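Values quoted throughout were computed directly from the atomic coordinates according to the rules given, and no laboratory measurement underlies them. What you see is a predicted model; the values in this text were computed from it and never measured. Backbone-built Cβ (ideal geometry, glycine too); neighbour counts: all protein chains shown.
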Amino acid sequence: MSVDLVKEMSLTPSEFKRQLLRLCEQFELDTNEVGGGPEGGIAYQIKLSDYGVVCVRSSVLPPRKIASISLPVMKVEFSFKGVENKSVDEFMKKFNLYFRKGGG
């Protein structure tokens with residue numbers, strides 16, 4: 001089974017890489033950097049099961065400007081191969097929780 005998802009996230013490439021590696025460390029996921037993504041991004045292959053992997057590719061988009069504030073923006077693409085829907089949901093739940101930013 002192949003599933004593709006895309007997200008826009010407000011963070012820098014170094015923040016993304018640091019958080020992704022911490023996520024994989026915490027959940028003991030086998031991670032390999034498979035090259036740079038377009039425009040300063042990165043690409044990782046993460047083993048989710050004996051046969052299933054997710055390729056996570058990021059690319060830098062133009063900053064989002066709101067009045068005098070400029071926020072970094074990245075496009076993050078997920079490509080799941082050989083992974084059951086349940087495993088996709090579990091990984092994305094962990095990913096979303098780990099990358100959540102506080103506010104208030």
*So which residues in the stretch 37-71 are of a type outside the set (Val, Ile, Thr), surrounded by 13 or more Cβ atoms within 10 Å (Cβ to Cβ), closer than 11 Å to Val83 by Cβ and touching a helix residue (DSSP H, G or I) at 6+ places or on another chain (Cβ under 7 Å), if there are any at all?*
Leu48, Gly52
*Just wondering, is there one or more residues in the stretch 34-45 that are without any contact (Cβ under 8 Å) to a residue 12 or more places away in the chain, more than 15 Å from Glu15 (Cα to Cα), not in a strand (DSSP E or B) and not β-branched (Val, Ile, Thr)?*
no
*Considering residues of the stretch 46-77 that are assigned to a strand (DSSP E or B) and among the small types (Gly, Ala, Ser) only, the residue nearest to the chain's Cα centre (by Cα)*: Ser58
*Among what's in the stretch 19-33 and is in contact (Cβ under 8 Å) with a residue 24 or more places away in the chain and exposed (fewer than 13 other Cβ atoms within 10 Å of the Cβ), pick the residue that is farthest from Glu90 (Cα to Cα).*
Arg22
